[in-house]
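Scroll down for the structure; my scribbles are underneath it.
What follows is calculated from the coordinates using simple rules that are stated; it is not laboratory data. Only a predicted model underlies this, so the values are computations on that prediction, with no experimental measurement involved. Neighbour counts run over all protein chains shown; Cβ positions are idealised from the backbone, glycine included.
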Amino acid sequence: GAVVSQHPSWVICKSGTSVKIECRSLDFQATTMFWYRQFPKQSLMLMATSNEGSKATYEQGVEKDKFLINHASLTLSTLTVTSAHPEDSSFYICSANQGGGHEQFFGPGTRLTVL
Amino acid sequence: GENVEQHPSTLSVQEGDSAVIKCTYSDSASNYFPWYKQELGKRPQLIIDIRSNVGEKKDQRIAVTLNKTAKHFSLHITETQPEDSAVYFCAASTNAGNMLTFGGGTRLMVKP
């Protein structure tokens, strides 16, 4: 149980385009979903926290107009990287927790490469 | 906000030896401390966690200790095997939003 999927697993796009990443909880309802970014050889950095039906809470330094997060249902959250640039190239990982518990269940990640 | 520091950043051990990774945290309200193993290009995998009402927890070759007073916790891996080679992250969270703050990671290399 507690499986989280992400789609796509990797994406390559041109600079200036937008990319949407989906995060789904497959067998549970996720009250809260989290989005992380991980640059090579670095740690996971929390970008934002999203709760179903409400606006996401962004961490300091993360541009909310550039990284659009939608959490329309208890099983789906999306992250859209708008006007992507090469410096946005990174590994994006979502996670979800169940019933307000501490444990977070991670998706497999999406590797974004912006040319 | 919470700050988690992790040491060492790299650790090389001989197969069969023990490995210890240490983390400190700053927020005394933190009450949940998970450890993750991450292989290259994959998701973090929870290997053990501990809550603030417990001082030590063990699962086969893996153990975690927590010192709330000093605000530090450690991961102990005994009888290391080459397949233990990976990057290990500690993290901490409070009840407020259950957000995880990660340490910087430790690259563990187990030499056969």
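Within the shell defined by Cβ-Cβ distances under 12 Å, the residues around B:SER30 carry a net charge of +1, with Lys and Arg each +1 and Asp and Glu each -1. Between region A:1-80 and region B:48-112, the alpha-carbon centres lie 25 Å apart.
Taking the protein assembly as shown as a whole, the Cys residues whose C-beta sits 4.7 Å or farther from every other Cys C-beta are A:CYS13.
Per-residue Cβ neighbour counts within 10 Å put B:SER52, A:SER15, A:SER50 in the sequence A:SER15, B:SER52, A:SER50, beginning with the fewest. Let me have the relative contact order for region A:42-84, percent, based on Cα pairs under 8 Å that are six or more residues apart. Once normalised by length, the contact order is 31 percent. Considering only alpha-carbon pairs that sit under 8 angstrom and 6 or more positions apart, the relative contact order computed for chain B is 37 percent. This model, with +1 at the C-beta of Lys and Arg and -1 at the C-beta of Asp and Glu, gives the protein assembly as shown a dipole about its Cα centre of some 200 debye.
Remark: chain A carries a charge dipole of roughly 240 debye about the Cα centre, counting +1 on each Lys and Arg Cβ and -1 on each Asp and Glu Cβ. Among the listed pairs A:LYS55/B:LYS42; B:LYS22/B:LYS58; B:LYS42/B:LYS68, a Cα-Cα separation exceeding 20 Å is found for A:LYS55/B:LYS42; B:LYS42/B:LYS68.
The residue among B:PRO8, B:PRO112, B:THR80 whose Cα reaches farthest toward the positive pole of the charge dipole of chain B, with charges on the beta-carbon of Lys, Arg, Asp and Glu, is B:PRO8.
Across chain A, Cα pairs under 8 Å and at least six residues apart give a relative contact order of 37 percent. About its Cα centre, the dipole of chain B is roughly 140 debye, where the only charges are +1 on Lys and Arg Cβ and -1 on Asp and Glu Cβ.
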